[in-house]
Amino acid sequence: MKKLLAILLASLVALGVSGGFAAAEGIDPALIEAAKAEGELTVYGSCEEAYLNAACDHFEQLYGIKVNRQRLSTGEVAAKIEEENGNPSADVWFGGTTDPYNETARKGLLEAYEAQNAVHLVDNMYRDANGYWYGIYKGILGFMVNTEELARMQLEAPKTWDDLLNPAYKGLIWLSNANTAGTAKLVINTIVQMKGHDEAMRYFVELDKNVAQYTKSGSGPSKKVGVGECVIAIGFLHDGITQILDGYDNIALIIPEDGTSFEIGATAIFKGVKHPNAARLWIEYALSPECVNLAKANESYQFLVIDNGEQPEEAIAFGLDPENVIDYDFKDAKENTTKYVEDYFAALGAAADNRFEE
């Protein structure tokens with residue numbers, strides 16, 4: 001009986017039925033057929049690799065479309081697409097913070113598309129007004145600390161952003177590189193919005209004195225906390241949950257008491273793609289439970305932003321509150337991220353420092 005059921009399920013997948021997903025989500029059958037006729041799709045993913053592969057594999061199963069994929073940080077994707085200048089080597093972008101998406105859209109390198117499944121977004125803030133990108137998840141910015149190392153050094157865990165400037169933390173803090181990681185861009189925008197531009201730049205000069213490493217990827221610092229290589233990581237707390245559930249019970253998650261912000265992880269179509277219909281179908285898929293519900297089983301515990309997705313119980317269990325954040329000014333970030341990052345490196349005066357991974 002089990003063998004018969006397995007054969008039946010495999011047949012449904014091969015036919016692209018998978019529980020009637022296309023009909024249930026109201027995707028235009030003509031779009032599905034046009035996408036299948038193109039037969040291929042290339043995805044640049046800035047989410048965790050496990051989630052990227054799960055999402056791509058399931059899309060292949062649903063529609064019989066071959067999906068090429070590559071995991072790159074948001075900064076790497078943005079730089080690559082800008083260099084290709086309207087002749088992109090990929091069709092869609094999946095995951096990663098929206099600040100680099102907005103920079104890429106401003107340069108005319110994203111394709112606007114009005115997605116049918118955008119009706120399931122819980123708020124208009126989770127989409128670009130012109131359809132250049134759509135949100136698929138929300139991640140909370142904070143600190144992850146190695147409690148054993150802090151206890152060994154007889155240090156208290158930081159509770160606020162200003163606490164990170166404590167000279168006792170010299171060499172203990174890791175942050176990502178704003179040249180390559182959208183996470184670091186969000187940190188810069190967050191501090192600018194909380195403190196004002198000039199004070200924020202002074203803050204980063206002081207913080208730099210305590211930073212041991214600037215990683216290429218935004219999740220890089222979190223992966224070194226459990227093993228003790230990094231004692232205090234700045235990044236998204238869902239990355240810390242992944243490490244804790246992997247067995248590192250010496251990690252504590254901290255939401256800064258003086259306020260924090262959040263990322264909107266997005267998806268978008270590149271301008272001038274070779275598989276436009278498959279790209280549009282991907283956007284519809286990415287805005288469906290078929291895609292986003294895969295996250296929590298694949299090392300990604302962000303809060304979901306569609307009304308028919310299943311929120312990860314793990315994030316709630318760790319006390320994360322998706323509403324306990326500052327009123328992040330997305331308009332200011334969209335217009336000024338590039339300038340703020342330039343000012344940040346100018347203030348640090350260390351763009352070529354060997355602490356910055358490229």
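The values are calculated or read from the model by the stated rules, or taken from the named source; none is laboratory data. It should be emphasised that the depicted structure is a prediction, and the values quoted were computed from it without experimental measurement. Methodologically, a virtual Cβ is constructed for each residue, glycine included, from the backbone with ideal geometry; neighbour enumeration extends over all protein chains shown. Just so you know, the surface numbers come from the protein's heavy atoms only, side chains and all, with ligands and any DNA or RNA stripped out. Shrake-Rupley method; radii C 1.70, N 1.55, O 1.52, S 1.80 Å.
Below are the figures for this structure:
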quantity	calculated
155, 109, reordered so the largest accessible area comes first (probe 1.4 Å)	155, 109
Long-range HN-HN contacts of residue 356 with modeled amide H, under 5 Å	214
For the chain, built as a Gaussian network whose Cα springs stay under 10 Å, the top-fluctuating residue of 259, 218, 319	319
Solvent exposure ordering (accessible area, 1.4 Å, most first) of 66, 334	66, 334
Two-site FRET efficiency, residue 314 against residue 159, from Cβ-Cβ distance with R₀ of 35 Å, rounded to 0.05	0.90
Integer Hz, Karplus 6.51/-1.76/1.60 couplings in order for the stretch 260-265, x for Gly and Pro	8, 10, 8, 9, 10, x
Those residues of the stretch 283-305 whose amide nitrogen sits under 20 Å from the label point placed on residue 68, 7 Å along Cα→Cβ	283
Rounded to the nearest 10 Å², the accessible area of residue 194 at probe 1.4 Å	70 Å²
Highest-MSF residue in the chain out of 208, 123, 239 [GNM, Cα springs under 10 Å]	123
Accessible-area ranking of 71, 152, 106, largest first, probe 1.4 Å	152, 106, 71
For the stretch 195-204, 3J(HN,Hα) per residue [Karplus equation, 6.51 cos²θ - 1.76 cosθ + 1.60, θ = phi - 60°, Hz, x = Gly/Pro]	10, x, 4, 5, 5, 4, 5, 5, 4, 5
From the coordinates shown, Rg and Dmax of the Cα atoms in Å corresponds to which of [x] 20.7, 73; [y] 19.8, 57; [z] 20.7, 69	[z]
Length-normalised contact order for the stretch 120-197 - Cα pairs under 8 Å, 6+ apart - percent	13 percent
Karplus-derived 3J(HN,Hα), 6.51/-1.76/1.60, for each residue of the stretch 177-190, Hz, glycine and proline x	8, 5, 6, 10, 10, x, 4, 5, 4, 5, 4, 4, 4, 4
Cα centroid separation, the stretch 87-109 to the stretch 300-334 (Å)	21 Å
Net charge, residue 299 excluded, C-beta distance under 14 Å - Lys, Arg +1, Asp, Glu -1	-2
Net charge of Cβ neighbours under 10 Å - reference residue 97; Lys, Arg +1; Asp, Glu -1	-1
Distance (nanometres) between label positions extended 7 Å along Cα→Cβ at residue 130 and residue 31	2.0 nm
Within the accessible area of the chain (1.4 Å probe), percent carbon and sulfur	49 percent
Lysine pair count for the stretch 130-201 [Cα-Cα under 20 Å; pairs on different chains or 8 or more apart]	4
Theoretical ellipticity at 222 nm over the chain - DSSP helices of four or more residues, -39500 (n - 2.57) apiece, nearest 500	-12000 deg cm²/dmol
